[in-house]
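**Student:** Just passing along the structure, written as C-alpha cells.
The values are calculated or read from the model by the stated rules, or taken from the named source; none is laboratory data. Model, not experiment: these values are computed from the prediction. Because the Cβ atoms are built from the backbone with ideal geometry, glycine has one as well, and the counts that use them run over all protein chains shown.
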C-alpha cells in the first residue's frame, strides 16, 4: 500500500470515529445531553409581541376625530363613460374664448337670439366629473350634441346640475330634442332633493330613435345667480339601470322661440342634416 493510500485510510477512520461510529442515519450534530445543564424553563420561550390596540382599550366608543380637513375623491380626468353618445358630455373640449365659435360638442347660446356665446367654466373638485364643468346663468342656453343609440336600442339620459343652495333642482330645465329639427323628445325629470354634495341628477329614458339626440339646458335663475352643469350622459338602454322616465312636455312660447333660433344658428354654422353639394367645390374649379 502506498503512503498516500495509507494516509487517506487513516483520515477516514478518524472522521468515522468523530461521528460516533459507522451506523447509517446518525447525525453528526446529535450529542448526549449535558447532565449538569439546567432544564429549559417554559418562561424562557420567546413569544410574539402583540400590536397595540387602536381602540379605546376597554371596549368603549372611539373618540371623535373632529371636523375633517379635506375630502379625497378618485375621478377620471377625462370624464366618462367611454360609450357616452354625447360628443362632449363632460365639457372637456368645448371651452371657447370670447368672440369665437366652432363645431364643438357643447355650444353656449344666447337666450336673446344673438347666436353662440362663450360660457365660463369651473375646474377640478368643484365639478361632478372630469376637469371642467359649465357655469350657467339666466341669459344662456347650453346645447349638447349627441347621437342615437344603435341596434334599435332606447337611450338613458342623465345630467348633473348644482344650483345655488337656496334654489330647487327645477331651477334648471333640461330637454332632449332632435339634433336636426329641434323637436322636443322629452323633458328630463328633476329630483325632489339634491344629493349630499348638492348635485341634482336630471334623468329620462326614451324609446329607440332613428335620429341624433341633443340636449338643451336653460334656467330660471335670478339674474345674479349661477348654477354648475356637468356630466351629461347619453347611453344605450340595455336594461341595467332604471332612471326616472322623464316627462312628456310641451314647450312654452319662449322655449319654442329659443329652439327655433338655436336651430337656425346650427343650420348656418354646422352641416347638420344637409344634403352634400353635388357640383364641384370652389377649390376644385381652378384645378
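**Student:** What's the number of the condition residue 274 fails, among (1) in a loop (DSSP other than H, G, I, E, B); (2) at pLDDT 90 or above; (3) in contact with a helix residue (DSSP H, G or I) (Cβ under 9 Å, 6 or more places away or on another chain)?
**Tutor:** (2)
**Student:** Further, regarding this structure: In region 103-124, which residues are modelled with pLDDT under 80 and within 16 Å of residue 262 (Cβ to Cβ)? Before you say what the answer is, go through the steps one by one.
**Tutor:** At the first step, the residues of region 103-124 found to be modelled with pLDDT under 80 are 103, 112-116, 124.
103, 112, 113, 114, 115, 116, listed by residue number.
**Student:** Among the numbered conditions (1) part of a strand (DSSP E or B); (2) without any contact (Cβ under 8 Å) to a residue 60 or more places away in the chain; (3) more than 18 Å from residue 231 (Cβ to Cβ), tell me where residue 177 comes up short.
**Tutor:** Unmet for residue 177, out of (1) part of a strand (DSSP E or B); (2) without any contact (Cβ under 8 Å) to a residue 60 or more places away in the chain; (3) more than 18 Å from residue 231 (Cβ to Cβ): (2).
**Student:** Right, here's the next one. Given the residues 227, 196, 155, 148, which is the only one that is under 20 Å from the mean Cα position of the chain (by Cα) and surrounded by 20 or more Cβ atoms within 10 Å (Cβ to Cβ)? Quick ask: steps written out before the conclusion?
**Tutor:** Working: 227 fails: under 20 Å from the mean Cα position of the chain (by Cα); 196 fails: surrounded by 20 or more Cβ atoms within 10 Å (Cβ to Cβ); 148 fails: under 20 Å from the mean Cα position of the chain (by Cα).
After applying the criteria, what remains is 155.
**Student:** Mind telling me which of the residues 134, 148 ends up being within 17 Å of residue 105 (Cβ to Cβ), in contact with a strand residue (DSSP E or B) (Cβ under 8 Å, 6 or more places away or on another chain), touching a residue at least 60 places away in the same chain (Cβ under 8 Å) and not in a strand (DSSP E or B)? Steps first, answer last, please.
**Tutor:** Details: 134 fails: not in a strand (DSSP E or B).
148 is the lone residue from the list that is within 17 Å of residue 105 (Cβ to Cβ), in contact with a strand residue (DSSP E or B) (Cβ under 8 Å, 6 or more places away or on another chain), touching a residue at least 60 places away in the same chain (Cβ under 8 Å) and not in a strand (DSSP E or B).
**Student:** For region 222-244, check the following and say yes or no: at least one residue is within 16 Å of residue 190 (Cβ to Cβ) and at pLDDT below 75.
**Tutor:** First pass over region 222-244, keeping only residues within 16 Å of residue 190 (Cβ to Cβ): 227-233, 243-244.
Still in the list and also at pLDDT below 75: 243-244.
Checking region 222-244: at least one residue is within 16 Å of residue 190 (Cβ to Cβ) and at pLDDT below 75.
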